[in-house]
Amino acid sequence: MSEHEEHTGHSQGFYIAIGITLLVLTITTAAVAFVNLGPFNPVVALLIATIKATLVILFFMHVKGASEKLTGAVVVSGFFFLAILLILSLADYMTRSWR
Amino acid sequence: MASQVDALYIYLLLVSGLMTALIFIAVAVLAIKYRRVPGRDAHPIEGSTVLEISWSVIPFFVMLTFFIWGAVIFFEERTPPANATEVYVVAKQWMWKIEHMEGQREINELHVPTGQNVKLIMTSQDVIHSFFIPAFRLKQDVLPGRYTTLWFNATKPGRYHLFCAEYCGTQHSGMGGDIIVMAPQDYAQWMAGGPSAPLQETGKQLFASLGCVTCHRSDVQGRGPNLIGVYNKPVLLEDGRTVIADENYVRESILDPTAKIVKGFKPVMPTFQGIISDEQLNALVAYIKSLSQPPTGTAGLQDQPAPSPAQPQKTQVQ
Amino acid sequence: MASKAASIVIPANQPPKLNYLNNGSSLKSWLLTTDHKRIAILYLISVTAFFMLGGFFAMLIRLELLTPQGDLLQADTYNKVFTMHGIVMVFFFLVPVVPAILGNFLVPLMIGAKDLAFPRINLLSWYLYVIGGVLFLHCMLTGGVDTGWTFYTPYSTAGSNTNVVEAGLAIFIAGFSSIFTGLNFIVTVHRMRAPGLTWDRLPLFIWANYATSLIMILGTPVIAITMVLVAVERLFHLGIFDPSLGGDPVLFQHLFWFYSHPAVYIMILPSMGVVSELVACFARKRVFGYKFVAMSSVAIAVFGFLVWAHHLFVAGISLYAALVFSLLSFLVGVPSAVKVFNWTATLYKGSISYATPMLYAFGFIGLFTIGGLTGLILATIGIDVHVTDTYFVIAHFHYVMVGGVLMGYLGGLHFWWPKISGRMYPEGWAKLSALFVFVGFNLTFFPQFILGYVGMPRRYWQYPPEFQVLNVLSTAGASILAVGYLLPMIYLLWSLRYGPIAEANPWGAAGLEWQTTSPPPTFNFDETPVVTWEAYNYDEIPPKELEAPVAG
Amino acid sequence: MEHEAHNPALLHHFADAQQQKNAASLGMWLFLVTEIMFFGGMFCAYLVYRLAHFNAFAAGSQQLNIWLGATNTGVLIVSSVTVVLAVKAAEAGKRKVLVGYLVVTVLLGMTFLVIKGFEYKEKFEKHHVPGATFNFTDKFDDNGKQIPVNPKEAELFFSLYFVMTGMHALHMIIGCGLFSVLTVLAWKGHYTPGYFTPIENAGLYWHLVDIIWIYLFPLLYLISRHS
C-alpha cells in the first residue's frame, strides 16, 4: 500500500504550489467582489469557489490518482444528491407566482 | 368539483382494485397449484427481460393517465375564476374568522349561495392550519405570513363540515365549523341582516388614516406608484424582473415595501409589519383590489351599489 | 461449480459447542461486545421495548377514538400520545427494526465475513440509539411533546410549550445511530465480501440493505440539521422558519420530507429484501428476474429522493412544483411494482411450502400491494388535495409501514430464528399469530381508508358521530392485531428454552448464513468460505422435508 | 486472527492491512458525504431566503468584514497545506516532521477560531445578533442610494449567518481536538509508514471543513455586494 501511495502522492513543492494557487484565487475572488459585475458577481464568486474546492478534492484529498474509482463515485454522488435537494427545493420557490 | 374528484377516484379504485385482485388471485392460484408435494421439484426459471420491461412500462403508462387526469383537476382547483366572490379568512388557534366583502363577519361558519363561484383568501395569525371541506373534496393549508386561496362553487343547499386538517395544537379537533350553502334568495336575505360597511370601505378609510394617500396619489404621480388598475397586472421592478401584482404581492408590499421596488421609484416606504392587524391588512388589500374594477363586479349578489369605478373614488380620496 | 454447493455437509444436531451466545455470559461481555450478532441481540431487545411502548400509545389512541367525544384522555394528553406514538414507532422502531436487528445479524454472515467493517462503530451505533431512546423517554416522563412526529413549524418553534428541543435532540442522536449503521453496511458490502462473492451473486437481502444504507447516509443528515435549526430557533430565538422575520414554514417541510419521505424506503426496503429471501426459499427457486429485483432496490433508493414534496401539495408550494413532484412520484411506483410482479412470478412452477415465514411473505405481498396502490392514489394530485391529512393517509402509510415492514420483519425473524437462537419456534402457534396479524391488521386499517375519504382528518381527538362505526371496527381490529403481536413475543421466548434444537440449515435454504452452525460461532465461519455458485441455487440443494416440529 | 502477530494495528476481522485501510478510507468518505448533506440543509435555506429577501441579505452581507473573512480563508488554506504535508511525512515515516505539521495545523485552526471570535464580537457590539437586542439601522448604500431594509429580514440573514458559521466553527473545534490527540499519538510513535490511516482520515475531514468554508465565504461575504 505504502509504495502505491508514493506513486500517486506528489512532491512537497507541488502541494505548496497548489496552496499558493488557492491563496491567489482567494485574493482574486475578494477583489472581484468590489467590482460591480451585476448579475455576474455571484457567478464569478461561485465559479472560483468551485475551482478551489475541486483543487482541494483532487489533490489534497487525493481523489485524482486514487487507487480506485469508487472514491470518485462517492464524491460525485454526494454532490449529486446535494444538487437534488437544492434544485428541487428551488423548483418550488422559483415558480411561486408571488416570488 | 366534487363529482370530478369522485369520478377520478372511482377510476383509480377500479384500476387499483383490478391490480390488487390480479396479484391476490395470482398468488393464491400459484401457491396452491405449485404447493410442495413429495416427488415434485421446483422448476428453475431465470427470468424474462421481455416480461420485466413490459411490467415496468405498461404500469407506467397507466400511471400517466392517473397523473394527467389528476393534474387537470388540480389545475382547475387552483385557478379561481375571475368572477368569483371573495371572502377573507383569518385562522387562529382555534377558530376561523371570516369576513365577507360586504363587511359581514362570521366565526366558524361560512354562508355561501349556490351557483356562485366563491374564492377564499386565507391567512393565519399563528401556526399553520388547513381549511378542509370534505363535501367539496377541497383542502388548502392556511399559513402565517402570506395568503393562500381556495375556490369552489357550491351546488346543493345544506350544512357541510368544515375541519382544520393541519395539526395546530390542543384544540385542533375542535377547530371546525360549518359551511352553510343557501339558495341565492335565502343568502341575500341572510346577507341583508348584516350591519357592517363593505370591506373595501374599511380599507379605504385605513388607506386615508394611515397616510397611504399622501404618496400613492391617484391624480398625479406621487412618491409611490399609482395603485389604480394595478391589481393582477404585471409590474416591472427596479431590478428588471416582472411580477404579477396578486394578493400576495400587495400584501408583501405593505409589510415589506423594499422587497420588490417598482421601476422608477425609490425605496422610501416604511414597513407596516406589526402596525396593522391581519384584518386591517385584508381590508387594505380588498380596497387596493377594488381600484382595479373587476370584470364582473366583486360580488354579484351585493344589493348595495358596488364601489364606483376608480375615477370618482380618487377624487374622494384626495 | 454446482458440485461445491451441493456437497456442503449440513451438520446434524450437535452437542452445544462454543457459539456467539455462550461465548461469555457476563454483562460486560454483552454491553461491550463488538460481535455484530450480539449487537443485533441488543437491538432486538431495545427495539422490541420501544415497539411495546409505541404499541401502548397506539392502544390509547384506538381506545380514545372508540367514541366520538373525548372521554378517555384530555385533548392535550391525546396530542402527546399520538406524537409519541409517531416518534417512537418511526425513529425508534421502524427505522432500525430490520436493518439493525436482522441486517446486523445477517449482513456479515450472508457475505461470508467475520464481522462488519467497523465493529466498534457498530457498538457505538447501538449506544447512540440507546442514548437517543433514553433521552426521549426522559422527555416523555417530564411532560412529553405534542407537535406531532412531523414537528411542523411554527407550531414546533413558537406554538408548543412542550419539550420540543429534547425530543429533537433525541431524534438527532438516534439519527447518527442510523447513519453509522448505514455507513458500516456500505463499507462492509464493498470491502468484506468472501472470495468469489461477486455483486451479481449477492443475496437480495444484501442489495436491499445496501440501498437502505444509501438513504441513511444521504437523507439522515438533513433531518439532523433540520432538528438543529428548530432547536436553535426555540433556544436562541434565531428565526430560521419564523414567518414574522420573512422565514417560510414551508421550507421546514421541504427539509423535513427530504429525509422523511426516503425514510419510508429505509423502513420498507429491508423488509422487501427479507421477502425476496423467503419467497426463494419456500418456493425453492431462484428469484424471478434477480437483476431487476436487485436494481429495483437501488432505483427505489434514488427515486425516493425525487418525490418528497408530494407531502406538500396543499401546503402552499407552487402549482408547477406540485405537478412536477406528482409526476416524479409515479416513478417510484415502477420499481415497487416490479418487485411485486417478480415475487409473484417466482411462485410459478415452484415447490411451495406454507411454513410461517412464507405466510408472512404472502401477507407482505398482499398488504404492500394495497399500500403501494393507495400510494399511487395519493400521488394523483387532484385526489391528494381531498385525502391528504385525513385517515386515508393514515391507512395508506400503515399498510406500507406496518403491514409491509412488520410482515417482513416477523417473517424474517421466524425464518432466521433457528439461526439466531439455535431453537425452532412452535409452528402451530406461529401460524395462528400470522393469521391474527393479517386479519387484525386489515380490520384495523381498511376502515380507515373509508374514514379518510368521507373526510375524517387525522390527529383528531374527537370527531362527528357519523364516523363512529368505522372507528369502532378499527379499534376492534387493533385488539386482534395486538394479540397477533404479543403471541410471537411469548412463544419465541418460550422456544429459547423449550423449542427443538435447530440444525444448521433447517429449511434447506441457500445462502452462506446457513452453512455455519446454528447459532454461529463468534467469528461466523471456521474458515472463510469461497463462493463459486450463483445466489439462490436451490436446484443444487436437496430439499428439506420439513413438517413443522409441533409445539410441545 | 492469524495476522495479528504481523501488525498490531490489524483488526482480527480483516484479511490484511490493505483491506482494513481501504475499508477505513471508504468509511471516511461516506462520512464526508453525510457532512455535505448536513451543511446542504443550511445552504438550501440560505439560497431560498436570499432569493426571497435579496435586499435584506445584501444589506446584511455588507455588514460582514470581508477582510477578516478573506484572511480566515487564507488561514484555512494554509492549514490544509500543512495537513497534506503531515500525511506525506507520516507516509515517509518522519515522526518529528509529522508532529511539527500537526502542531502547526492545530495552531492555524485556533487562529481561525480566534479571528472568527473577533467577528462575532463585532456583531455583538453592533447589535447584529438576532434576538431581543437585535437592531439593524444600517442602510444599503450603492452609489449614494439610501435603501431602507426591513430589519426583520436582516435578522433572518444574521440568523443564518450565525447558524452556518457556528456549525462550521463547531466542526473546526472538533477538528482541532482530533488533531491534538493525533499529535500526542504521533509523538508517541503510533504511526508507521505501514499504518497512518487516522492521520489520513482526519486530514480528509479537515479538507472537507475547508471546502465548506470555501463556499461559505463567497455566499455570506461576497456575492451580495452589488445587485
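The values are calculated or read from the model by the stated rules, or taken from the named source; none is laboratory data. Everything numeric here is computed off the predicted structure, so don't read it as measured data. Cβ coordinates were reconstructed from backbone atoms using ideal geometry, including for glycine residues, and neighbour counts include every protein chain displayed.
Numbers for the structure displayed
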item: Subset of the stretch C:307-324 (residues that are part of a helix (DSSP H, G or I) and either more than 9 Å from every other protein chain (Cβ to nearest Cβ) or buried (at least 24 other Cβ atoms within 10 Å of the Cβ) (or both)); result: C:W308, C:A309, C:H310, C:H311, C:A322
item: Qualifying position, being touching a Cys at 6+ places or on another chain (Cβ under 7 Å) and either part of a helix (DSSP H, G or I) or not hydroxyl-bearing (S, T, Y) (or both), among A:S89, A:S77; result: A:S89
item: C:P506 over 30 Å from B:S173 (Cα atoms), away from every other protein chain (no Cβ under 11 Å), surrounded by fewer than 21 Cβ atoms within 10 Å (Cβ to Cβ) and not aliphatic (A, V, I, L, M); result: no
item: Spans of helices (runs of 4 or more DSSP H) in the stretch C:344-412 with at least 3 residues more than 21 Å from C:V95 (Cβ to Cβ) and facing chain B (nearest Cβ under 10 Å); result: C:356-379, C:381-387
item: Subset of the stretch C:133-160 (residues that are of a type in the set (S, T, N, Q) and under 22 Å from C:G247 (Cα atoms)); result: C:T147, C:T150, C:T153, C:S156, C:T157, C:S160
item: Inter-residue pairs, beta-carbon under 7 Å, first at the interface with another protein chain (Cβ under 10 Å from one of its Cβ atoms) and closer than 12 Å to B:E52 by Cα and in the stretch C:275-295, second of a type in the set (S, T, Y) and crowded, with 24+ Cβ neighbours inside 10 Å, 6+ apart; result: C:F288/C:T346; C:V293/C:S276
item: Any hit, the stretch B:57-65, residues being at positive phi and within 8 Å of chain C (Cβ to nearest Cβ); result: no
item: Options C:D146, C:D76, C:D115; residue that is over 27 Å from C:W533 (Cα atoms), assigned to a loop (DSSP other than H, G, I, E, B) and touching a residue at least 24 places away in the same chain (Cβ under 8 Å); result: C:D146
item: Selection status of A:I48, surrounded by fewer than 19 Cβ atoms within 10 Å (Cβ to Cβ), within 25 Å of D:L216 (Cβ to Cβ), at pLDDT 95 or above and out of contact with any Lys or Arg (no Cβ under 9 Å at 6 or more places or on another chain); result: no
item: Qualifying residue in the stretch B:216-233 (condition: among the β-branched types (V, I, T) and touching a strand residue (DSSP E or B) at 6+ places or on another chain (Cβ under 8 Å)); result: no
item: Hey, C:G304 surrounded by 24 or more Cβ atoms within 10 Å (Cβ to Cβ) and more than 25 Å from the chain's Cα centre (by Cα) or not; result: no
item: Among the candidates D:I199, D:I174, residue that is of a type outside the set (K, R) and surrounded by fewer than 23 Cβ atoms within 10 Å (Cβ to Cβ); result: D:I174
item: Residues that are surrounded by 15 or more Cβ atoms within 10 Å (Cβ to Cβ) and of a type in the set (D, E, K, R), drawn from the stretch D:95-125; result: D:R95, D:K116, D:E119, D:K123
item: For B:L227: the one exception among (1) touching a residue at least 60 places away in the same chain (Cβ under 8 Å); (2) surrounded by fewer than 17 Cβ atoms within 10 Å (Cβ to Cβ); (3) more than 13 Å from B:E102 (Cβ to Cβ); result: (2)
item: Every residue from the stretch C:172-202 that is of a type in the set (V, I, T) and at the interface with chain D (Cβ under 10 Å from one of its Cβ atoms); result: C:I179, C:I186, C:V187, C:T188
item: Enumeration of residues in the stretch C:350-390 that are within 25 Å of C:P447 (Cβ to Cβ) and touching a strand residue (DSSP E or B) at 6+ places or on another chain (Cβ under 8 Å); result: C:V385, C:H386, C:T388, C:D389, C:T390
item: Residue list for the stretch C:118-143, restricted to those being farther than 22 Å from C:M267 by Cα and either within 19 Å of the chain's Cα centre (by Cα) or not in a helix (DSSP H, G or I) (or both); result: C:F118, C:T142, C:G143
item: Test: residue in the stretch D:156-163 that is under 22 Å from the mean Cα position of the chain (by Cα), more than 14 Å from chain A (Cβ to nearest Cβ) and surrounded by fewer than 17 Cβ atoms within 10 Å (Cβ to Cβ); result: no
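Per-residue answers, yes or no, for (1) of a type in the set (A, V, I, L, M); (2) surrounded by fewer than 16 Cβ atoms within 10 Å (Cβ to Cβ):
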site	(1), (2)
B:L138	yes, no
B:G145	no, no
B:T149	no, no
B:T155	no, yes
B:Y167	no, no
B:I180	yes, no
B:Q189	no, yes
B:G193	no, yes
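Matching residues to (1) at pLDDT 95 or above; (2) polar (S, T, N, Q):
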| position | (1), (2) |
| --- | --- |
| C:P15 | no, no |
| C:N19 | no, yes |
| C:G24 | no, no |
| C:V47 | yes, no |
| C:G54 | yes, no |
| C:F57 | yes, no |
| C:L73 | no, no |
